[in-house]
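Please see the structure below; I have some questions.
The values are calculated or read from the model by the stated rules, or taken from the named source; none is laboratory data. Since we're looking at a predicted model, the values are computed, not measured. Cβ sites come from the backbone with ideal geometry, for glycine too, and all protein chains shown count toward neighbours.
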């Protein structure tokens, strides 16, 4: 079967959006499909460097398209990326239409950007069109936004407005109408789809794991005190301040516990001051970005992964932590809330709860792991089993089996 994959972002050896596009292409090829990938011209160099030495990749046909160079000034910073992307989709469709008239694709699938706010015009080709998985509709409860600061609350409010407009956007209606099937990364994103089209939507992760996984026998940690780890950017919506409050509460019952935060971001200074204000100076280690080898060591030295993000659509770092046998503590929001279950971590329900109640629940989750080493081992082995089931092959097969392709 001949499949056209629309992947604006698609590059090898990358995470996030480029990794999503790349892994979908590879897995479809491994499953035996005749894969054609339409992506940006700027991705050509990195793609061709890898394709030369891999027979499987040589079977994939990569098509490259970019807007005229004079249009690229829109992309400076984040000023006009959405407008640039919109017109790229228009031009990419016309290129796809011309090629389809010759090659006769049997299905077209939009995979990146992974955004429910951005349209695709590939449904106009007149063949079965799969849209997604897409995310972006995840929404932090208002009761948990007071930790953002004024700036964060303002930007999240703007984000809410943009998401609300999805239901009124004629281009998104056009996309949803033309799609045979729509995949979304969470129920919150699904709720942004007009009711008329919601019946053909399904919740499905957009990410999968494609790395080394620790052996089950090696998953039992030997630390005398609980070592908690966070890895990611320091952004207002990552919920780190809630995590700090929960950790402060945990220390009252487990004073030997330690928290390590790895990453960088615009909110780091504010968060470090916040930690000082609540008396956590000697209990926290702040580490900038580190090499992958160093990060692997950090995972292996830790007991639990704390990821209190309030609207992450994916959360690849969660899969990475689980691959090292780390139980995950997160909220029932976004991608992490879909990925994690009680076999591999603790998912804290935030529905209808105040900020103080959520902090208490987060503390209780950490305490349950700290006080019960056997439970920690069960969750650790569960994390390893879970991440194996979420490999890219299974993620891709799940969508294509649903579509009976």
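Please determine whether any residue of segment 258-273 is in the same structural domain as residue 362 (by TED's automatic domain parsing), crowded, with 23+ Cβ neighbours inside 10 Å, under 19 Å from the mean Cα position of the chain (by Cα) and touching a residue at least 40 places away in the same chain (Cβ under 8 Å).
no
Could you please find all residues in segment 167-187 being within 17 Å of residue 334 (Cα to Cα) and surrounded by fewer than 22 Cβ atoms within 10 Å (Cβ to Cβ)?
Once the filter is applied, which keeps residues that are within 17 Å of residue 334 (Cα to Cα) and surrounded by fewer than 22 Cβ atoms within 10 Å (Cβ to Cβ), segment 167-187 yields only 187.
Tell me, which residue of segment 45-66 that is in contact with a strand residue (DSSP E or B) (Cβ under 8 Å, 6 or more places away or on another chain) and part of a loop (DSSP other than H, G, I, E, B) is nearest to residue 22 (Cα to Cα)?
Top of the filtered list is 60.
Please go through segment 338-350 and give me each residue that is touching a residue at least 60 places away in the same chain (Cβ under 8 Å) and farther than 15 Å from residue 242 by Cβ, ordered by number.
Matches in segment 338-350: 338, 339.
Out of 48, 41, 27, I need the residue that is surrounded by 15 or more Cβ atoms within 10 Å (Cβ to Cβ) and within 17 Å of residue 12 (Cβ to Cβ). Which one?
Of the residues listed, the single one that is surrounded by 15 or more Cβ atoms within 10 Å (Cβ to Cβ) and within 17 Å of residue 12 (Cβ to Cβ) is 27.
Pairs needed: first member in segment 18-40, in the same structural domain as residue 130 (by TED's automatic domain parsing) and free of Cβ contacts under 8 Å to residues at least 12 places away in the same chain; second member anywhere, surrounded by fewer than 23 Cβ atoms within 10 Å (Cβ to Cβ) and not in a helix (DSSP H, G or I); C-beta distance under 9 Å; at least 6 residues apart or different chains.
From segment 18-40, the pairs are 32/1.
Which numbered condition in (1) over 23 Å from residue 86 (Cβ atoms); (2) at pLDDT 95 or above is the only one that residue 172 fails?
(1)
So residue 301 clears everything in (1) touching a residue at least 40 places away in the same chain (Cβ under 8 Å); (2) closer than 26 Å to residue 389 by Cβ; (3) touching a helix residue (DSSP H, G or I) at 6+ places or on another chain (Cβ under 8 Å) except one condition, right? Which one?
The number of the failed condition is (3).
Does any residue of segment 156-166 turn out to be touching a strand residue (DSSP E or B) at 6+ places or on another chain (Cβ under 9 Å) and crowded, with 16+ Cβ neighbours inside 10 Å?
There is no residue in segment 156-166 that is touching a strand residue (DSSP E or B) at 6+ places or on another chain (Cβ under 9 Å) and crowded, with 16+ Cβ neighbours inside 10 Å.
Another question about this same structure. Could you tell me how many of the residues in segment 307-328 are touching a strand residue (DSSP E or B) at 6+ places or on another chain (Cβ under 8 Å) and closer than 18 Å to residue 138 by Cβ?
11
Go through 159, 151 for me and flag whichever is farther than 30 Å from residue 395 by Cα and part of a helix (DSSP H, G or I).
Only one candidate passes the filter, namely 151.
If you check residue 361 against the conditions, is it assigned by TED's automatic domain parsing to the domain that holds residue 130 and in contact (Cβ under 8 Å) with a residue 12 or more places away in the chain?
no
If you check every pair at least six apart or on different chains, which have Cβ atoms under 8 Å apart with a residue in segment 152-164 that is without any contact (Cβ under 8 Å) to a residue 12 or more places away in the chain first and a residue that is surrounded by fewer than 18 Cβ atoms within 10 Å (Cβ to Cβ) and in a helix (DSSP H, G or I) second?
Taking only residues 6 or more apart or on different chains, the pairs are 153/146.
Would it be correct to say that residue 295 is more than 17 Å from residue 387 (Cα to Cα), in a helix (DSSP H, G or I) and touching a residue at least 60 places away in the same chain (Cβ under 8 Å)?
Yes, satisfied.
When segment 109-146 is examined, which residues are found to be crowded, with 23+ Cβ neighbours inside 10 Å and in a helix (DSSP H, G or I)?
122 - this is the single residue of segment 109-146 that is crowded, with 23+ Cβ neighbours inside 10 Å and in a helix (DSSP H, G or I).
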